[in-house]
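Peer 1: A single structure is presented below for examination.
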Amino acid sequence: MDPAYKTRPREVWSRKQCLAAVKHRHTDSYGSKGPAGLIQGSADPYPQYGTQRFNGGIIAGDVWYTIGTRYPWPKIPAEFGLYHLCSWGVIVSAREDAVLRKLDQHELVLDEEGYEK
């Protein structure tokens, strides 16, 4: 039997982890800071979350996954949300702040397993 996707268990973030992620700003190699709360850049070559397909699949360990990887988005407390930030990627933000920044219309819609619908 050939598995199609390499997967992993869904992370469950606490309120404390979300608050830390909301405040964190990644620094690039030039010292420039990105937006607060960025958890996955839109240009990341190997995304930490979501589905990624490879032409010919991917080999991890001794197993050939015929299509690619499928990593669920983290499960976060209801007071936070995951949002697409144009040209940056996906950020975690408090829902109140997202409404003020008009990010609520760009919220990721996830199924029960943590994948985008």
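Please treat every number below as a calculation from the coordinates, not as lab data. Bear in mind that the values here come from a model prediction, so they are computed numbers and not experimental data. Positions of Cβ are backbone-derived with ideal geometry, glycine not excepted, and every protein chain shown enters the neighbour counts.
Peer 1: Only counting other Cβ atoms within 10 Å, I'd like 71, 30, 65 sorted with the fewest neighbours first. Don't skip to the answer; put the middle values down first.
Peer 2: On the way: 71 21, 30 5, 65 18.
Fewest-to-most Cβ neighbours within 10 Å comes out as 30, 65, 71.
Peer 1: To make sure I understand the rule: partners must be lysines, Cα under 23 Å from the Cα of residue 75, and not fewer than 8 residues away in the same chain. Which ones qualify?
Peer 2: Correct list for residue 75: 6, 16, 23, 102, 117.
Peer 1: Taking 0.36 nm per residue of sequence separation and subtracting the Cα-Cα distance, how much length would be gained by fully extending the chain between residue 108 and residue 51, in nm to one decimal? Mind dumping the intermediate values first?
Peer 2: Numbers: separation 57, 0.36 × 57 = 20.52 nm, distance 1.38 nm.
19.1 nm is the gain from fully extending residue 108 to residue 51.
Peer 1: Would you mind calculating the relative contact order of the stretch 5-106 from Cα pairs under 8 angstrom and at least 6 residues apart, reporting the percent as a whole number? Spell out each step's value before the answer.
Peer 2: Working: 172 pairs, mean separation 33.1, N = 102.
Averaging sequence separation for qualifying contacts and normalising by length gives 32 percent for the stretch 5-106.
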